[in-house]
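Enquirer: Okay, handing you the structure first.
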Amino acid sequence: MIYLDYNATTPIDPGVAESMRPFIEEHFGNPSSGHPIGHTARVAIERARASVASLIGGSPEEIVFTSGGTEASNWAIRGVAESLESRGRHIVTSNVEHPATLKPIESLARRGFTKTAVAVDGTGQFDPDEIRRAIQPDTILISVLHAQNEVGTIEPVAEVGRIAREAGVLFHVDAAQSIGKVPVNVEAFHADLVSIAGHKLYGPKGIGALYVRKGVELPPLIEGAHQEGDRRAGTENVIMAVGLGRAAELASSHLPDEPLQALREYFWDGLSSAVGDRVMQNGHPTERLPGTLNVSFPGYVGGELLARLDGVCASTGAACHAGDAKPSAVLTAMGFDRERSVGAIRFSVGRPTTRGEVEAVVSMLEGVLR
């Protein structure tokens, strides 16, 4: 088995698993309890919060743990809409967003909100000036991703953040795919809200976080008791939060991830050398995630090629669209024809990936295409 689908999810780092073990086997306390057993859990939660904050250049009190990146994005978008509805009902986004952003915006549109989805170019990147022109007097939120999950293109979010700040519009960044792979700094981004997903950076599934800039008020998405500073009710998931905190600490030591970038380039060089003009690379040539290689084999169907790569785990687009025979909406938005879109495969390498694995996949692809 060769796993090349790290954009879909990552394995839990052994150091992360080890950090979680005491809270599975011994420290079972409720962080809200006043006794020593509860205190141990509370200390662990706050250390994890500080670690996540440090990774993105925020403060611990600006980090709220969630069940994942999808909840974080839903809360950011719905929360801003609910709190600022009296001021405006217009949202600006792009046409290559993750469903965790697209779906809540579509839901709000059915309630009378309006949206402007700016287009991207052939590299998958949007123009900040297009976002500037999309802002209206009743715009309350700009919500865009930092890195496109299918093609790996990194978006100019810092420029968008400056535009949002100048216009007095709140700015949400979906950084689920980029955190832990490239530097993310909330101050440099001028971000008010940032979504984080634990399982994308070698942490556990079922845990994420939302960065909420100090002074930004969001109504709680989940109501109940007073956990997370009255911002998200429910007993904290100590085990998973500890794992996310440790994953954040380890991620800091891997940035910038130059070995991953070198491996991806090695993969592309080997593939283009082996099959020549039968393969085309998708995404921005330089502004891209270090481990993402999205390629098209025009004249072939990506899913059928993958089926013949026995034991290779990759995808034909986003993991949540696996098995869908339709062309990728992202590649279509980038202006590609059906042949190029249907023939696409997303390979994404990770820390455990070896050159030998990459070479084996290149050899298999060469054989299949023959």
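Enquirer: Please compute, over every Cα-Cα pair in segment 230-370, the percentage with a separation greater than 24 angstrom.
Expert: Of the Cα pairs, 40 percent sit more than 24 Å apart.
Enquirer: Check cross-link reach from Lys115 to the lysines: straight Cα distance under 29 Å, and skip same-chain residues fewer than eight apart.
Expert: Lys103, Lys200, Lys214, Lys326
Enquirer: Using just the Cα positions, wrap the chain in a convex hull and report its mean projected area in square nanometres, one decimal place.
Expert: In nm², the orientation-averaged hull projection of the chain is 18.2.
Enquirer: Here's another thing I want to ask about it. Any chance you could give the angle, 0 to 90 degrees and rounded to 10, that helix 36-56 forms with the longest Cα principal axis of the chain?
Expert: 50
Enquirer: Output the 0 to 90 degree angle, nearest 10, between the alpha-carbon long axis of helix 69-84 and the longest principal axis computed from the alpha carbons of the chain.
Expert: Approximately 50 degrees, to the nearest 10.
Enquirer: Per the helix-only calculation at 222 nm, which mean residue ellipticity applies to the chain, given -39500 (n - 2.57) for every DSSP H run of n ≥ 4 and division by its residues, nearest 500 deg cm²/dmol?
Expert: -12500 deg cm²/dmol
Enquirer: When the chain is fully extended, how far beyond the present Cα-Cα distance does Glu46 get from Ser253, taking 0.36 nm per residue of separation?
Expert: Taking 0.36 nm per residue and subtracting the Cα distance, the gain is 72.5 nm.
Enquirer: Within segment 193-242, report the trypsin sites (Lys or Arg not before Pro) that DSSP leaves as loop and that have at most 15 other Cβ atoms within 10 Å.
Expert: Filter output for segment 193-242: Lys214.
Enquirer: Further question: With charges set only on the Cβ (+1 for Lys and Arg, -1 for Asp and Glu), what does the dipole of segment 14-252 come to about its Cα centre, in debye to the nearest 20?
Expert: 200
Enquirer: Taking +1 at the Cβ of each Lys and Arg and -1 at the Cβ of each Asp and Glu, which of Asn149, Gly69, Ala233 sits farthest along the dipole of segment 14-252 towards its positive end, judged by Cα position relative to the Cα centre?
Expert: Ala233
Enquirer: Only bridges whose two residues both fall in the chain count here: according to DSSP, what percent of them are antiparallel, nearest 5?
Expert: Counting only bridges with both partners in the chain, antiparallel ones make up about 50 percent.
Enquirer: Rounded to whole Å and ordered largest first, report the semi-axes of the equivalent ellipsoid of segment 20-165 derived from its Cα gyration tensor (root of 5λ).
Expert: Largest first, segment 20-165 gives 36, 18, 14 Å.
Enquirer: Given R₀ = 35 Å, what would the calculated FRET efficiency be for Asp230 paired with Arg87, taking r from the Cβ atoms and rounding to 0.05?
Expert: 0.95
Enquirer: In degrees between 0 and 90, to the nearest 10, how far off the longest principal axis of the chain does helix 157-167 point, with axes built from Cα atoms?
Expert: Orientation of helix 157-167: about 40 degrees from the principal axis.
Any read-out appearing in this document is the output of simple, stated calculations on the displayed coordinates, not a laboratory observation. Being a predicted model, the structure only gives us computed values, none of them experimental. As a convention, Cβ positions derive from the backbone with ideal geometry for all residues, glycine included, and neighbour counts pool all protein chains shown.
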